[in-house]
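None of the figures in this text is laboratory data; all of them are computed from the coordinates on show. These numbers come from a predicted model, not from an experiment. Using ideal geometry, Cβ is built from the backbone for each residue, glycine included, and neighbour counts are taken over all protein chains shown.
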Amino acid sequence: MAVRTTITIACFVFGLVLIALNFLSLPLTDAFRPYLLFAGIGLLLLGVVLVIARPRGGEMPASGDVPPAGDVAVLEPSAPVAPPRAQVTLLVGGNGASAPSVRWYHAAAVTTNGVAAPKARLSVAVRGEQAGVQWRWLAGGRDVDLTQLGARIPIVIGAVGESAEPIGSGWVVPFKNWYLTPNATSALGPFLAPFIAGVRHVFDVTVTWDERKVAQSSSASFELRFWREPTSEPRFIRVGDRPSYRDQVGGLGELRDKGMALRKEGMMLPLPALNVWLGRLTSWTSETRALIAEVSTADSDYFGALKNFDAPLFEGVRLHDERHRQALRELHERLSRLQFFMKPGSP
């Protein structure tokens, strides 16, 4: 800005001087008099052009000038991108026992983003119990490098049927007894509990590891649920997950058997027992709907809704009134629908 102003002033000053010399009769300027007037006018015009050509927002700063700090965009160096950390998820690992009379439930830990969790360790706590043991992975190690292939965690084992033979690991698991399995490669773990109808056991599983000297962890809880009978398939799911019909098969199987017994009883029912039988049938319907609703409320509504149908009535059936006839037909229809939910292909 200062250099431009200096040049503009110089043009005006020298232009006026040359024009003035043109009108003075000096011996030294006589030879150049025809050119002085034109050179002076040219310098004046150049000064006018420099004034007009100034930018509206002010002069562009010269190389030596320092612009105001508010007009300068300061470029901050970008922070280095941190490498991603491992993301570990805990899932149900299923039944690891090959014997049909034994259920050995596992959890599984996997990474979900392709980053390994080095030297991962685990701990398992049983709610309401003092296990006091160090858990190991299924392979027997205290730590493992977790990847997307995952690693299994043995949790609990029990027998749902009579068998005097030991399982593959050499353990002998008595019928209706359940044990913790903190170490799959050693002796059978601590006794958990006997079978008690309707009881639920919850296991809190935590996996820990270090990444760049920063402690990381992932946790989930798993529930073991017993139904009414010790031979029914227990339910082992992650707490918070919606069960599938496969998870509910033990409870649904019991309700199917109970419904079939009610149908058989209702076919030869004495009149004084009719109201009691109808009340038990209503309770059975409500209980079955509630168990189905844990999987799907739409299926529960379908189970409860009835259309016009003709159910077979066997010879010798003693029907007391229209309530009795209608109840038997509805029970037969609902038992057919219950079988549909228990098919192997059901989710």
Within straight cross-link reach of LYS119, meaning Cα distance under 18 Å, which aspartates and glutamates are found once same-chain residues fewer than 8 apart are removed?
ASP143, ASP145, ASP210, GLU211
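Provide the packing ranking of 299-307, 105-113, i.e. peptides ordered by the mean count of other C-beta atoms within 10 Å per residue, highest first. Mind dumping the intermediate values first?
Working: 299-307: 13.9, 105-113: 18.7.
Sorting 299-307, 105-113 by mean packing, highest first, produces 105-113, 299-307.
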Given Cβ point charges of +1 (Lys, Arg) and -1 (Asp, Glu) and nothing else, what value in debye, to the nearest 20, does the dipole of the stretch 176-294 about its Cα centre take?
240
Would you work out the relative contact order for the stretch 102-181, in percent, from Cα pairs under 8 angstrom that are 6 or more residues apart?
36
For the pair ALA139/TYR302, report the inter-label distance in nm, with labels modelled 7 Å from Cα in the Cβ direction.
4.4
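Filter the cross-link list LYS258/LYS307; LYS176/LYS343; LYS176/LYS307 down to pairs whose alpha-carbon distance in this structure exceeds 32 Å. Don't skip to the answer; put the middle values down first.
Numbers: LYS258/LYS307 23 Å; LYS176/LYS343 27 Å; LYS176/LYS307 42 Å.
With Cα atoms farther than 32 Å apart: LYS176/LYS307.
Stretch GLN130-GLU333 to full length: gain in nm at 0.36 nm per residue minus the Cα-Cα span? Intermediate values should be presented prior to the final figure.
On the way: separation 203, 0.36 × 203 = 73.08 nm, distance 4.80 nm.
Answer, rounded to one decimal: 68.3 nm.
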